Amino acid sequence: AEVGAEVGANIEPSIRSAEAWARGVAAKHLAAEHLAVTRRHFLAAGLALSSCALLDRRAVFSAEAGAAGVVAPNPSDPLLAPLIAKLVYFTPQDDFGTVERGTPLPYKHPPEKLEEIGLTRESWKLEVVADPDSNAKLDNPLSRAQGTALDFAALQKLAEKHVVRVPKIMTCNNGGAPLGMGLWEGVPLRDVVWLAQPKENVRRLFYYGYHNDDPKQMFRSSLPIGRVLEDPPGEPPVLLCYKLNGEWLTGKRGGPVRMLVPEAYGFKSVKWLQRVVLTNAPFANDTYADGNNDVDSWMKTFARLMSFPAKAKAGEPVPLTGMAQVGISGLSKVQIWLRRSGEPWPATDPHFASAPWQDAVILPAPSAFPTLPNGQLPAGTRGFDGATGRPAAWPMRYTLSHWAAVLRDIQPGKYELRCRTVDSQGIAQPLPRPFPKSGRNAIQQVEIEVV
């Protein structure tokens with residue numbers, strides 16, 4: 001409700017306000033989304049950490065304002081083990097945060113209505129047609145009126161040859177904190193577009209989800225035809241998605257079929273998908289454009305704290321864990337900075353670039369996945385080696401990474417604790433895109449009192 005209210009009001013806070021928003025909303029939602037204790041995951045985390053010799057190091061941070069030291073630990077440190085055991089890589093469907101539209105919400109219709117409007121797997125159909133307001137031409141439109149619309153059985157037939165499984169973190173452009181991390185399964189949109197036999201004058205796709213047949217509630221988005229038909233090097237395809245974490249998409253998650261755009265924020269991955277329109281229009285038609293947002297932004301890289309105390313005892317170590325969303329520019333470091341509260345900071349450095357940031361430890365990739373069927377990745381998951389089940393590169397773009405650190409020997413007082421990322425190009429958060437129109441990535445700040 002808080003996220004929806006913020007987005008609906010189109011609030012444009014300052015960096016400081018964004019941090020305050022993140023402290024309240026992100027802390028609550030991240031805890032709900034990512035923290036679930038299971039013995040199986042604890043054992044998997046322990047095995048992963050013990051095998052990661054590269055992380056067996058310690059670094060003493062420079063201290064300021066009475067803080068005697070901060071330490072980046074060996075992640076097998078007993079202080080961190082209970083916290084790391086709670087970290088879950090793939091968020092269960094029911095635990096995802098939700099930003100949704102519609103009155104009533106489409107998936108809350110009674111069963112007979114869901115059947116009537118095509119929001120069950122048995123009744124779902126997808127149209128792929130030409131824009132009547134442009135000169136785009138298709139030789140074989142997939143149309144309800146003509147009885148040629150694609151149904152769910154035909155989509156599953158395509159999946160026998162073209163299925164794609166891709167890990168992706170889902171984030172609202174205006175939220176500033178992830179909604180959840182999932183393993184999504186679907187069929188490339190291009191394979192369905194080609195069934196409609198586009199002939200000429202196609203520059204973009206407009207696509208629409210069901211919203212009570214009310215034009216005022218309609219939610220839509222768009223993509224260039226080039227992005228749909230050809231993937232940039234290393235990028236997964238745009239998908240017609242029907243599964244999440246090995247299970248059928250629930251109505252709340254956008255089922256039976258939703259769009260999934262791997263590199264984009266959540267508003268591009270329209271729920272309850274029912275219609276794709278090929279057009280010669282040169283412009284986007286996204287609903288989010290009406291809210292003064294950049295509708296063509298790639299996901300940003302940023303860090304958030306997950307586990308931290310509001311109050312700590314002087315002389316006792318303080319373990320921390322957090323997450324990092326890995327955007328288009330990748331991730332090379334997560335850093336933290338502890339300073340006395342209330343001390344002035346130069347107005348010429350609004351992004352704290354000159355602060356004495358120090359490295360935390362990015363945790364290794366998980367080796368088991370307790371929220372997936374059988375606790376393992378299915379064969380053919382994009383970005384993972386089929387023989388070993390390990391990622392080809394880590395951290396992976398458009399996904400989640402966890403990190404950890406320990407504060408030590410902190411003197412009594414009130415402190416500000418911040419975290420940030422440094423991407424694979426060496427650029428620190430919130431740069432290179434600090435503007436919230438293209439996704440919120442303000443540096444998070446939390447308060448810690450040492451007594």
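Percent of accessible area on the range 216-278 owned by carbon and sulfur, 1.4 Å probe?
55
If you look for lysine pairs in the range 217-359 that are eight or more places apart or on different chains, how many of them have Cα atoms under 30 Å apart?
13
Put +1 on the Cβ of each Lys and Arg and -1 on the Cβ of each Asp and Glu in the range 320-401; which of Phe352, Val326, Thr399 then has its Cα farthest toward the positive end of the dipole?
The listed residue farthest towards the positive side: Thr399.
Loop-only check: which chymotrypsin sites (Phe, Trp or Tyr not before Pro) in the range 207-309 are DSSP coil with at most 16 other Cβ within 10 angstrom?
Answer by residue number: Phe283.
Order Met259, Met218, Met396 by their accessible area, 1.4 angstrom probe, all chains in place, largest first.
Correct descending sequence by accessible area is Met218, Met396, Met259.
How about the range 129-174: which trypsin sites (Lys or Arg not before Pro) there lie in a loop by DSSP and see at most 14 other Cβ atoms within 10 Å? Please list the in-between numbers first.
Values: sites: Lys137, Arg144, Lys157, Lys161, Arg165, Lys168; in loops: Arg144.
The qualifying sites are Arg144.
Could you work out how far the C-alpha centroid of the range 413-451 sits from that of the range 320-351, in angstrom?
The range 413-451 and the range 320-351 have Cα centres separated by 3 Å.
Heavy atoms only, 1.4 Å probe, whole protein assembly: order Arg227, Arg203 by accessible area, highest first.
Arg203, Arg227
Given a 1.4 Å probe and heavy atoms of the protein chains only, how would you sort Asp423, Asp133, Asp139, largest accessible area at the top?
Sorted by accessible area, descending: Asp133, Asp139, Asp423.
The values are calculated or read from the model by the stated rules, or taken from the named source; none is laboratory data. Values in this document were obtained by computation on a predicted structure and should not be read as measured data. Reconstructed Cβ throughout: ideal geometry from the backbone, glycine too, with neighbour counts over all protein chains shown. The area values use the complete protein model at the heavy-atom level, side chains included, leaving out ligands, DNA and RNA. Shrake-Rupley method; radii C 1.70, N 1.55, O 1.52, S 1.80 Å.
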